[in-house]
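Following: one structure in structure tokens, then a few remarks.
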Amino acid sequence: MKSSVVFFCVIAALLLLRGPIAVEAATCNPTELTPCAAAILNSSPPSSLCCSKLKSQAPCFCQYQKNPSLSKYISGGRKVAAACRVPVPSC
């Protein structure tokens, strides 16, 4: 019994020392930004859904900027991100 309590305490200490565990990484999928299409292409105001999607896809911005098939949308995307107050990283 004593050894199982010690074993449990050691495991608990190791888990605590490990630090916080990342909950969920963003899944980079440019089609998630479809609600932003009108704002990016036509300079119309972004919807709240668009801004929400931009915030969830923000960790993917550098990956999108490096994609040649998405490069023509970067300028409009920056404007929409600014309107949504979503910071754009420098890559």
Could you estimate the translational diffusion coefficient of region 27-83 from the Stokes-Einstein equation, with Rh from the Kirkwood formula over C-alpha pairs, at 4 °C and 1.567 mPa s, in whole µm²/s? 117 µm²/s
Diffing region 60-68: the Karplus 3J(HN,Hα) column from phi (6.51, -1.76, 1.60, θ = phi - 60°), in whole Hz with x for Gly and Pro, holds 9, 4, 5, 4, 5, 5, 7, 8, x
Once fully extended, how much extra length lies between residue 34 and residue 47, figured as 0.36 nm per residue of separation less the alpha-carbon to alpha-carbon distance? 3.6 nm
For region 74-82, what does the Karplus curve 6.51 cos²θ - 1.76 cosθ + 1.60, with θ = phi - 60°, yield as ³J(HN,Hα) per residue in whole Hz, taken in order and with x for Gly and Pro? 5, 4, x, x, 5, 5, 5, 4, 5
Sort out for me the Cα centre separation of region 66-91 from region 41-62, rounded to whole Å. 9 Å
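FYI, it's all coordinate maths here, none of it is from the lab. Keep in mind that this is a model prediction, so the values were computed, not measured.
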